[in-house]
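Report on the following structure.
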Amino acid sequence: MRLMVAAAVALVLTFAPLAGAQGTMAYGTSINVETAKKVAAPALAEARKNQWAMAVAIVDTAGDLVYFEKMDDTQVGSVDVAIAKARSAARFKRPTKAFQDALAAGGEGLRILALNGAIPVDGGLPIVVGGKVVGAIGMSGGTSAQDGQAAAAGAGVLK
């Protein structure tokens, strides 16, 4: 019982700074496959423009896969990583870079490592429409910054 209380307190303390930075966003109606393709297209175009071989994953509000595409010559490991980044961004309603930055700061940020499903690597972004999270995009195959840049190109398509 003590362990469960300690874990709950750790989660609250970990997310308190992140919640203030991200605000509170509600979930909206989950993204559908047609819209997911529209989000993925500019993300993949950004990767092609920069000659980055990448995988893109689009998930719904629950973090379940809606659309996936892998460019030729993308490293095999990027398949699972792109899906995990998208799932993390959807389920925690924040960019995965928020976890990366918290972890890099050390101290209390190290608690991120204990959060199941929190991916502390840039490249996962919530897809927000009308102020509500409708899904998320995850990119993998480049550096952390490159993944984030390509994901932003896709996530910014919808308003």
Is there any pair with a first residue in region 76-91 that is in contact (Cβ under 8 Å) with a residue 24 or more places away in the chain and basic (Lys, Arg) and a second that is crowded, with 24+ Cβ neighbours inside 10 Å and assigned to a helix (DSSP H, G or I) whose Cβ atoms are under 6 Å apart and which are 6 or more apart or on different chains, and what are they? Lys85/Thr96
Just checking, does region 82-102 include any residue being closer than 17 Å to Ala43 by Cβ and assigned to a loop (DSSP other than H, G, I, E, B)? yes
Is one or more of the residues making up region 80-95 surrounded by 24 or more Cβ atoms within 10 Å (Cβ to Cβ), in contact with an Asp or Glu (Cβ under 7 Å, 6 or more places away or on another chain), of a type in the set (Ser, Thr, Tyr) and closer than 26 Å to Thr29 by Cα? no
Are any of the residues in region 26-36 aliphatic (A, V, I, L, M) and closer than 17 Å to Gly148 by Cβ? no
Any residue that is of a type in the set (A, V, I, L, M, F, W, C), assigned to a helix (DSSP H, G or I) and within 15 Å of Ile127 (Cα to Cα) - is there at least one of those in region 67-80? no
Do you know which residues across region 121-158 are among the β-branched types (Val, Ile, Thr), touching a helix residue (DSSP H, G or I) at 6+ places or on another chain (Cβ under 6 Å) and either more than 11 Å from Ala82 (Cα to Cα) or outside any loop (DSSP other than H, G, I, E, B) (or both)? Ile127, Ile137, Val157
If you go through region 120-129 one residue at a time, do you hit one that is under 14 Å from the mean Cα position of the chain (by Cα), over 23 Å from Ala45 (Cα atoms), modelled with pLDDT of 95 or more and surrounded by 15 or more Cβ atoms within 10 Å (Cβ to Cβ)? yes
Using the structure shown, decide if Gly106 is at positive phi and either in contact with a Cys (Cβ under 8 Å, 6 or more places away or on another chain) or among the small types (Gly, Ala, Ser) (or both). yes
Members of region 8-58 that are at pLDDT below 95, in a helix (DSSP H, G or I) and surrounded by 12 or more Cβ atoms within 10 Å (Cβ to Cβ): Ala10, Leu11, Thr14, Phe15, Pro17, Leu18, Ala19, Gln22
Any chance Phe68 is over 15 Å from Ala43 (Cβ atoms), aromatic (Phe, Trp, Tyr) and out of contact with any His (no Cβ under 8 Å at 6 or more places or on another chain): no
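The values are calculated or read from the model by the stated rules, or taken from the named source; none is laboratory data. As the structure is a computational prediction, the values presented were derived from the model and not from experiment. Ideal geometry is used to build each Cβ from the backbone, glycine not excepted, and the neighbour counts take in all protein chains shown.
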